[in-house]
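First the structure, in the form of structure tokens, and then the observations on it.
The values are calculated or read from the model by the stated rules, or taken from the named source; none is laboratory data. Remember, predicted model here, so these are calculated numbers, not experimental data. Glycine also receives a Cβ, built like all others from the backbone with ideal geometry; neighbour counts cover every protein chain displayed. Each accessible area value is taken on the protein alone, full model and side chains, heavy atoms only, with ligands, DNA and RNA left out. Shrake-Rupley method; radii C 1.70, N 1.55, O 1.52, S 1.80 Å.
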Amino acid sequence: MGPKTRSYTLHASGLQVAAANILKQEMLAIGGEAAIARGTVNCSVEKSDAIMHATLKQYHQLVGKLGQQPFGLKELAEGIEGALEAAENGPVPFKTGALTIPSPHPLIMGILNVTPDSFSDGGQYIDRERAVEHARRMMEKGADMVDIGGESTRPFSEGVSASEEWERVGPVIAQLADECPLSVDTCKGEVARRALEAGAVMINNVTAGSDPVLLKAVTEQDAALVLMHMKGTPRDMQENPEYEDVVREVCQFLQERVERAKEAGVRKIILDPGIGFGKTMEHNLTLLRGLDSIRSLGYPVLVGASRKSFIGEVLDLGVEERSEGSLAALSIAVAKGVDILRVHDVRESYRAAMMAAAIRDEHT
Ligand code: HH2
């Protein structure tokens, strides 16, 4: 009975009017639903979005019918098939270093900011020995990997040069690379290249592959790459960010960056909606609610909500008091199928994630 009982709501955007009309008719004929723009029937609009709701079985029938049709419906059918495949089976796992992503349980990425100015732990681990010690403690507490950053991306922050960034992270990477899987949070191709050569297995890129040198470095080492959504730059991203539909726009942006990265030869891709990067509190909450849409793009998803200011806004709390709010956001993310959680409080996050995953996953 599975395919008859599992239903999905899908959103297609920018359909030609003829395509939207055919889609509506075909959906109704198989007992599903498709909401399209009011002016579609008399062609008073140029394009229409469609919100579809049907069971898995009905979608399979629909795909068969649309595959024969003109007006972009064949491409729509392929898109529907891809989204259903991702929703039903999840992304195809890949290996990077000792990590398999996605793994059967959510992965914990412990944050190590080797910076003087990061928003919650700035200055604490600028000393190399303390940084290494902190990474080791995070691994003991349940982290699966450590994300090392040498440049703060907090709102209004100023960048640093590649050589200064490397001076901060290079020695820490050299000391830790044999001990634990390392991700390096950088926007600079030069830093990415050196980090991967020194043994890191993942590049965490908040500019979603904007730098071709960074893409080349990742491709050459066949490393994993996190593509994160950001509106603007850290310097201006919180100046009145606006979206028509934040989930749709983030999905479209990530889809484009996936194509760019794949063209450059990157094979191991992880997507991140970029909580707090050019978003208001409402945008962040909407994105967390819509994480399943991001996962329907067919790639593993990473979320970094830990201690961020939207939690402070909801609960009216300062940065040192956001641990419970962070765990609530993390639990919802796990429930929605997120694969990697980027966190400051490793032990608490590990426990909350394992509990949320135990509730989510039925093991028969
Ligand atoms: N958030 C921060 C930094 N890097 N990378 C990804 N992929 N996703 C995120 O949400 C994300 C990120 C900001 O947090 P933090 O590292 O604690 O602070 P700062 O940027 O000030 O160093």
Problem set entry | Single match in Thr55, Thr9, Thr5 (criterion: open to solvent by 20 Å² or more (accessible area, probe 1.4 Å), farther than 25 Å from Val247 by Cα and among the hydroxyl-bearing types (Ser, Thr, Tyr)) | Thr5
Exercise. Is there a residue in the stretch 343-364 that is under 14 Å from the mean Cα position of the chain (by Cα), part of a loop (DSSP other than H, G, I, E, B) and over 14 Å from Lys141 (Cβ atoms)?
Worked result: no
Exercise. Restricting the search to the stretch 219-237, which residues are more than 18 Å from Glu256 (Cα to Cα) and aliphatic (A, V, I, L, M)?
Worked result: Ala223, Met237
For this session: For the stretch 265-283, state whether one or more residues are closer than 25 Å to Ala329 by Cα and away from the ligand (no atom under 16 Å from the Cβ).
Result: yes
Seminar exercise, completed: Heads up, the helices (runs of 4 or more DSSP H) in the stretch 7-93 (entirely inside) with at least 3 residues that are in contact (Cβ under 8 Å) with a residue 60 or more places away in the chain are 73-89
For this session: Filter the stretch 213-227 for residues that are within 20 Å of the chain's Cα centre (by Cα) and away from the ligand (no atom under 12 Å from the Cβ) and give the result.
Result: Leu214, Leu215, Val218, Thr219, Asp222, Ala223
For this session: Evaluate the following for Ser331: is it farther than 21 Å from Leu112 by Cβ, in contact with a helix residue (DSSP H, G or I) (Cβ under 9 Å, 6 or more places away or on another chain) and assigned by TED's automatic domain parsing to the domain that holds Pro106?
Result: yes
Seminar exercise, completed: For Asp147, the lone unmet condition from (1) in a helix (DSSP H, G or I); (2) within 15 Å of the ligand (Cβ to nearest atom) is (1)
Exercise. Which condition breaks for Val132 when tested against (1) within 16 Å of the ligand (Cβ to nearest atom); (2) β-branched (Val, Ile, Thr); (3) at pLDDT 90 or above; (4) not in a strand (DSSP E or B)?
Worked result: (1)
For this session: Answer yes or no: is there a residue in the stretch 170-178 that is within 14 Å of the ligand (Cβ to nearest atom) and either farther than 19 Å from Ala198 by Cα or surrounded by fewer than 23 Cβ atoms within 10 Å (Cβ to Cβ) (or both).
Result: no
For this session: Being over 19 Å from Glu348 (Cβ atoms) and of a type in the set (A, V, I, L, M, F, W, C) is the filter; apply it to the stretch 135-161 and report the residue that is modelled with the highest pLDDT.
Result: Ile148
For this session: Determine whether Val319 is away from the ligand (no atom under 16 Å from the Cβ) and open to solvent by 10 Å² or more (accessible area, probe 1.4 Å).
Result: no
